[in-house]
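Since the structure comes first, as structure tokens, the remarks are kept for the end.
The values are calculated or read from the model by the stated rules, or taken from the named source; none is laboratory data. Source: prediction; values computed, not measured. Don't worry about glycine lacking a Cβ; one is built from the backbone with ideal geometry, like all the others, and counts go over all protein chains shown.
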Amino acid sequence: MAGYILEVKDIEKNFPGVKALNKVNLKLKKGEVHALIGENGAGKSTLMQTLCGIHKPCAGNIYIEDEQVTFQSAQEANAQGISIVYQELSLVQNLTVAENIFANRQPVKKWNIIDRDQLHEDTRHMLQLFDVDNIKPDMLVKELSVANQQIIEILKAMSLNPKILILDEPTSSLTEVEVNKLFENIRKMKNMGITFIYISHHLQEIFQIADRVTILRDGQYVCDAQVKDIDEEYLVKNMVGREIKNMYGQRTENQGIGETILEVKQISRKKMFKDISFSVRAGEIVGFAGLVGAGRTEVGRGIFGAEPIESGEIYIKGKKVNIRSPKDAIRQGIGYMSEDRKYDGLYLNFSIRDNFIANKLERFTRGLFLKDNKMEAYAKASIEKFSVVTPDHTRAIANLSGGNQQKVMLGEWCDIKPKVLIVDEPTRGVDIGAKTEIYQHLRNLAAEGVAVIVISSDLMEVLGISDRIMVMKSGELVCEMDRHEATEENVIAYATGIALDE
Amino acid sequence: MMEWLRRMTKMREFMIFMIVTTIFVVMSFASPYFLSTANILALLLGLSIETMIAVAMVNLMVSGGFDMSVGSVVAFSGAAVGLLIRSGLPVMVAILIGIMIGSAIGFINGFIVSKLGINPFVTTLASLSIYRGLTLILTKGQNVTGLGSTFKLIGQSKILGIQMPIWYAVIFVIIGDILLRKSRFFRQNYYIGGNEKAAKLSGIDVMKMKILNYVLTGAFAAMAGIVMTSRLGAASVTAGTGLELRVITAVIIGGASLNGGEGTVTGAFLGSLLMALIINSLTLLGVDVYWQTFVIGATLLLAVLIDQYGKIRKERKAFA
Amino acid sequence: MMEWLRRMTKMREFMIFMIVTTIFVVMSFASPYFLSTANILALLLGLSIETMIAVAMVNLMVSGGFDMSVGSVVAFSGAAVGLLIRSGLPVMVAILIGIMIGSAIGFINGFIVSKLGINPFVTTLASLSIYRGLTLILTKGQNVTGLGSTFKLIGQSKILGIQMPIWYAVIFVIIGDILLRKSRFFRQNYYIGGNEKAAKLSGIDVMKMKILNYVLTGAFAAMAGIVMTSRLGAASVTAGTGLELRVITAVIIGGASLNGGEGTVTGAFLGSLLMALIINSLTLLGVDVYWQTFVIGATLLLAVLIDQYGKIRKERKAFA
Amino acid sequence: TTKETKNDQVAAEKHDEQLYIEVSALGNLDYFYDHKMGMEKVGEELGVRTEYVGPAEYDMNAMVAAFEQAISKKPNGIVVVGFEPSLNSIVNKAIAEGIPVVTVDADLPESNRLAFVGTGNINAGITGGNYLAEAIGEKGKVAIMTKPGQSNLEERVKGYETAFTNYPDIEVVQIVDTQSDPVVAAQAASALLQKYPDLKGIVCVEAAGGSGAATAVREAGVADQVKIIAMDRGNEVLEAIEEGVITASVAQQTALMPYYAVQILYNLNNSNVQITKDNAKANVLGIPANVDTGVIIVDQDNNEYFMR
Ligand SMILES: Nc1ncnc2c1ncn2[C@@H]1O[C@H](COP(=O)(O)OP(=O)(O)OP(=O)(O)O)[C@@H](O)[C@H]1O
Ligand SMILES: Nc1ncnc2c1ncn2[C@@H]1O[C@H](COP(=O)(O)OP(=O)(O)OP(=O)(O)O)[C@@H](O)[C@H]1O
Ligand SMILES: [Mg+2]
Ligand SMILES: [Mg+2]
């Protein structure tokens, strides 16, 4: 057993009604990047949180360099050199970037007084690792986009100088550019002898960065392997228990693309986006690609009325509509699924049922009143339809795994019977099996004549699902491509602006 | 049946209900006067004014709002109606104007809080001062009397031997409970309190609802003020002082929180009942006034501790 | 220099500071007595007790806590120290015991709120009642006098012609401001108030800090109570009634929020100053008593409205 | 009539089963100590049970609730502090149910109460006003400190104003709010001293004012120039009188109020002074309708005897 820097033996963890971990084993060699994969709700995050002293295991042991350890708190784990980037962002929105990265570890002068200059210096130093010069140490975290917040979260964990760094879906809202920067940093640190546990649902990333992989299913250890000995098919089979072919699905042959449903003319919003015009037809899936901060989210929210549009016009089925609020938009048949489920997507303290019905209460109303049995039946059906892993619909959504939360949110919006559905990062944190289902749901909607807009930072996803692709850069629509002309290279070229320089 | 029982005991209101029942049983042994019809009616009558306001307050707090000005609105609307009646206006017209004044005050509060984004605590504390001040100015510090017998009927007449304010409170609680728990319209407030940003994206007109909640609170406080004035037969300038804290406490004991997203009308009623019961018991037991203040606080604390203990035990069980 | 100015104007406190300054300027024209040393000193003296408590309260509120019991702690500690001195204990010993009593009350509040998980509003409202009651019981409702001249020195003696309570408040504000803004230890409270879960993950001992914050609030309230008793020369059983709302309002005006995570000591001081300034101005301008209550509320509202307007304008500019 | 039978019935009762209740409010105030003391004393002397009930704060709704509960105990008489006309209905209700009611301290003349025992707040104000006028040589500027809206205080203010109308050279320059808090009162008094450097007197109609005004005057060092008239006999007021900061205080013989009120109720129930051949039939109650308990001025001469 020697030689392992960390070893987990027969760990078990129960939550009310859920056996999240069942005799799980994990062995880490010093200096490797060890990938951990599994479906949503397989227990990955739970396992990592037991390693970090957040959850106490119900059974089993943890060994660090052959010595048994038990952690009472996150801090004790930190002291042993384990640090983690949480799947759910855990930043303090009202504090600065610097204070988040060096939370409670700010450099101090005499009397424990914080040395501001040193703190900012250290922070700039950390920020250089990602070349992000648009983030300043004294910016408030709440002013940053989700992607940038994720970078801060990563820097925070890196700044702890850990021996073992756990990354729980660090790339779920990053684009390739940032992902590559992250990998560069991982390799650099790996050479310094740091060990990584890497969790991701982007399987190709495993092959780019990981040395070994452990697979979990339903809270149980399935197998582990050297990455160089296996292929993606192997991963999927062991993860999902079946093969997945053609994840993005296929446009059904006889499905024609119909009339123009949504037409956007020259909409602008100061500092956010400028002169955006495009249209989407019935049965069509249009993908929006671009780098982080390109303004795709802002356009989506603008059309939905969640944020003001300063000029421009929107037409639905040729009729000009005046959308001032999401309520107007929903009435016009437009749906928008947020990119940030925790912030403005879900009601975390509420039950799964109450989340499913949040945007369609009228449907369960007779006279003035809501019908309990109708709501329950609907929730049960939706759990089934979107394969949400949960004991029952009365659970608080906060207790679901990240991917399952995402499925509930998607289910909530797919089912409003929209004319236009905008989904922003629809598969953030979703496993490959569930992704396949989500794409199928989106394709089904299109087949029913809905105009679907997919905003995504996952380029493969955009390429795989879209009939047409829009590329945005710095608030402008720089290019519109047909599915057949779009390739990874030319989309990136437009998104980064290289194509324009030519 | 078992299912129903299981669900009952899981409800937050259940513990408070048990505590209230316990006090009832203990008190009926401790004091021969306690269970007399007269005492129970007196208890309910004393509690009716606060309950009327609590019904609106719990709705407001479910949506994440907060109103410190209700006590002043009680005084202001009472005084205004009193002066209007004395000026010769028909009673019904005066009452309608009084309720409109309350609604208008609520509207102003709601507008400032939700449209202008000012902290509800500061806003409504300012209102507290403003409308108390206006009451003093309007009445020149004098209580308003001579309101005539028609007006007094509202608060002093009886149906089936039970004085009107009790009836109003009962009606408010029953209708309020059904509406807040079951109606689609008011259900929106839970979503707003749960996650305001998400509620907006779910197509809820958050701004409108929030303002409406303040309007309702103002209107209900005005109604309570009018009923109280009628019951007492005079508009008191100091009416409702400190009322806001009592109502908010009752609502929180009943399961609501300052963060919004939870609470029920039944809970708010039970909270009010618990507080009134404590005071009633202390009076009946002849506890010295100096001790009363102490015992009220201690009992309040004890009640929420028992409640919390019950909750924790239930969770434990769920884990086992 | 420009950088410094830019940073200044971005601070929440800046608007309140401007409002306070405006009132100063306007008042110095409106009333010839306003700018006299005597009036300014009297103003500061009047505000010193509240400021001492506000310093601890803002720290507590930054961490997401809340304490309604400070007014009662003021009375209770004052009365306790008074009785101890009368019983023949040396003044210093009595004062130390008084501060310990305040700390103990704070500890109990903090323990109930953070260990037992009871709502801070209800908990400290219960405390408010409990300690007011204990004060009454202890003193049999009589104010405590005959405290001797040594004790009175604490609140009545002067240094450089300035009465001691002002010095205490100044020291509290300066040290408090530095500690809360700059020291790593108290900075932890911003993390706790901003995101309690994240704070725990960052290795902050949330439980310990929360309890400590309540202890500090209790201790500071006790000190304020002792200084107040010494200044008045007698422990008043009704001292500090309604004080909690004034302090909390001042702290919120100064930029703190009920949700935690924001607020500064300077802001809290400016908030207290604003409120005291309003009362002082109204008296100097000879505003009718009935109007005073109204004008206090209206000015409060106006101040926060101006403040909010300033904030919105700044945000607009940032986008332009 | 019912009254007759009730009287007989009551007379037959043992004394120690008779119950007299005082309903009040503001129980937390120092002032009401005397009320409680008076009730206890009269209970002891007559051998009947007495109770003192009511909310700790100035809350009429709660006071009426306490009154309702008092009625539900079916006592032999109720003593009530008639703070506000809003208590009229409940008093009438008790009378209608056959429970005799006497008001103390503040009267409810429009109600059906049987008698009133007290000094009346207007009277207290007038007495204090006259004393101050004499102390300042019948001329100069005077300020009044009160808490607006509370009817007993409003009446005392009126009393002072009435007294000063007899002194053309005395000018009431301002009325200020103490918010019933000595620190706020001190702050307001300080501002007054700034604004009127030639202020001659401050009168306070409630307890916090005296302590606050004394503090402000002491701190400004103008004790020999500004005369303060306080209200009631709180220890801090007495101490300040001894110190010479407060000139005098208007104290009522408060304990006498419930004492005599219960005496009246007791006599109504138990004795039968034959004013007529048949008092009941002649509609004669045989009790006094109005008892004035008088006010006393506490100043340096008699101050020491009031300390508790
Ligand atoms: N605090 C909790 N209370 C109850 N159940 C929980 C809690 N946390 C996790 N679970 C349950 O434990 C199981 C494992 O969840 P976990 O978050 O570890 O999954 P995961 O593998 O990280 O999934 P994902 O890929 O979606 O993030 C899920 O069924 C989840 O619902
Ligand atoms: N709440 C906010 N406050 C300040 N700036 C913001 C806020 N939200 C977004 N931005 C900024 O607005 C710009 C556009 O962001 P938007 O979210 O629309 O981009 P995007 O293309 O959807 O990329 P992503 O969502 O992946 O970050 C970015 O520069 C972002 O940093
Ligand atoms: Mg996870
Ligand atoms: Mg986006």
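Have a look at B:I248, B:I226 and point out the one that is within 10 Å of another protein chain (Cβ to nearest Cβ) and part of a helix (DSSP H, G or I). I'd like the intermediate steps shown before the answer.
Numbers: B:I226 fails: within 10 Å of another protein chain (Cβ to nearest Cβ).
Only one candidate passes the filter, namely B:I248.
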Please tell me if A:I197 is within 23 Å of A:G433 (Cα to Cα), surrounded by 16 or more Cβ atoms within 10 Å (Cβ to Cβ) and within 16 Å of ligand 1 (Cβ to nearest atom). yes
Matching residues in the stretch A:264-311 (more than 15 Å from ligand 4 (Cβ to nearest atom), away from chain C (no Cβ under 14 Å), of a type in the set (D, E, K, R) and not in a strand (DSSP E or B)) number 1
Would you point out the residue of the stretch A:135-169, among those that are touching a residue at least 60 places away in the same chain (Cβ under 8 Å) and within 16 Å of ligand 4 (Cβ to nearest atom), that is farthest from the other protein chains (Cβ to nearest Cβ)? A:A147
I'd like to verify a number: residues in the stretch A:88-117 that are touching a Pro at 6+ places or on another chain (Cβ under 9 Å) and touching a residue at least 60 places away in the same chain (Cβ under 8 Å), how many? 0
Restricting the search to the stretch A:136-170, which residues are away from ligand 2 (no atom under 12 Å from the Cβ), β-branched (V, I, T) and modelled with pLDDT of 85 or more? A:I152, A:I164, A:I166
Since A:G31 meets every condition but one in (1) within 12 Å of chain C (Cβ to nearest Cβ); (2) away from ligand 1 (no atom under 16 Å from the Cβ); (3) within 14 Å of A:I164 (Cβ to Cβ); (4) outside any strand (DSSP E or B), which condition does it not meet? (1)
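Which one of these is of a type in the set (K, R) and either within 14 Å of chain C (Cβ to nearest Cβ) or closer than 30 Å to A:L370 by Cβ (or both): B:R86, B:R132? Steps first, answer last, please.
Numbers: B:R86 fails: either within 14 Å of chain C (Cβ to nearest Cβ) or closer than 30 Å to A:L370 by Cβ (or both).
Answer to the selection: B:R132.
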Inside the stretch A:439-462, the number of residues satisfying the requirement of being more than 26 Å from A:E259 (Cβ to Cβ) and surrounded by fewer than 24 Cβ atoms within 10 Å (Cβ to Cβ) is 3
When only residues in the stretch A:325-375 that are touching a Ser or Thr at 6+ places or on another chain (Cβ under 8 Å) and within 16 Å of ligand 2 (Cβ to nearest atom) count, which is nearest to the other protein chains (Cβ to nearest Cβ)? A:D344
Can you spot a residue in the stretch A:440-454 that is under 16 Å from A:T297 (Cβ atoms), at pLDDT below 90 and within 16 Å of ligand 2 (Cβ to nearest atom)? no
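Tell me, which strands (runs of 3 or more DSSP E) wholly within the stretch D:224-308 include 2 or more residues that are crowded, with 16+ Cβ neighbours inside 10 Å and in contact with a Cys (Cβ under 8 Å, 6 or more places away or on another chain)? Even if it seems obvious, please write down each step before you answer.
Numbers: elements: D:227-231, D:248-252, D:295-299.
Because the criterion is at least 2 residues that are crowded, with 16+ Cβ neighbours inside 10 Å and in contact with a Cys (Cβ under 8 Å, 6 or more places away or on another chain), the strands (runs of 3 or more DSSP E) in the stretch D:224-308 that meet it are D:227-231.
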Would a scan of the stretch C:106-119 turn up a residue that is under 22 Å from C:P165 (Cα atoms), in a loop (DSSP other than H, G, I, E, B) and either in contact with a Pro (Cβ under 7 Å, 6 or more places away or on another chain) or not β-branched (V, I, T) (or both)? no
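Out of the residues in the stretch C:273-317 that are of a type in the set (S, T, N, Q), at pLDDT 80 or above and surrounded by fewer than 23 Cβ atoms within 10 Å (Cβ to Cβ), which is farthest from D:D181 (Cα to Cα)? Write out each step before concluding.
In the first step, residues of the stretch C:273-317 are kept if they are of a type in the set (S, T, N, Q); the result is C:280-281, C:283, C:292-293, C:299, C:308.
In the following step, the residues that additionally are at pLDDT 80 or above were identified as C:280-281, C:283, C:292-293, C:299.
Next, only the ones that are surrounded by fewer than 23 Cβ atoms within 10 Å (Cβ to Cβ) stay: C:281, C:299.
On the way: C:S281: 18, C:T299: 21 Å.
The qualifying residue farthest from D:D181 (Cα to Cα) is C:T299.
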Looking only at the stretch A:331-371, and only at residues there that are part of a strand (DSSP E or B) and of a type outside the set (S, T, Y), the one that is nearest to ligand 1 (Cβ to nearest atom): A:M337
Residues that are assigned to a helix (DSSP H, G or I) and touching a Ser or Thr at 6+ places or on another chain (Cβ under 7 Å), drawn from the stretch C:59-71: C:L60, C:V70, C:G71
With criteria (1) at pLDDT below 90; (2) charged (D, E, K, R); (3) surrounded by 15 or more Cβ atoms within 10 Å (Cβ to Cβ), B:E50 comes up short on (1)
Okay, strands (runs of 3 or more DSSP E) sitting entirely in the stretch A:39-95 with 1 or more residues that are of a type in the set (A, V, I, L, M, F, W, C) and within 13 Å of ligand 3 (Cβ to nearest atom), I get A:82-85
Of these, D:E17, D:E110, D:E40, D:E84, which one is at the interface with another protein chain (Cβ under 8 Å from one of its Cβ atoms) and either modelled with pLDDT of 85 or more or surrounded by fewer than 24 Cβ atoms within 10 Å (Cβ to Cβ) (or both)? D:E110
Right, A:T70: at pLDDT 85 or above, away from ligand 2 (no atom under 16 Å from the Cβ) and crowded, with 23+ Cβ neighbours inside 10 Å or not? no
Qualifying positions in the stretch C:261-272 - within 24 Å of B:G260 (Cβ to Cβ) and either modelled with pLDDT under 85 or surrounded by 24 or more Cβ atoms within 10 Å (Cβ to Cβ) (or both): C:G263
Please find, among B:G286, B:G263, B:G267, the residue that is out of contact with any Pro (no Cβ under 8 Å at 6 or more places or on another chain), more than 10 Å from every other protein chain (Cβ to nearest Cβ) and assigned to a loop (DSSP other than H, G, I, E, B). B:G263
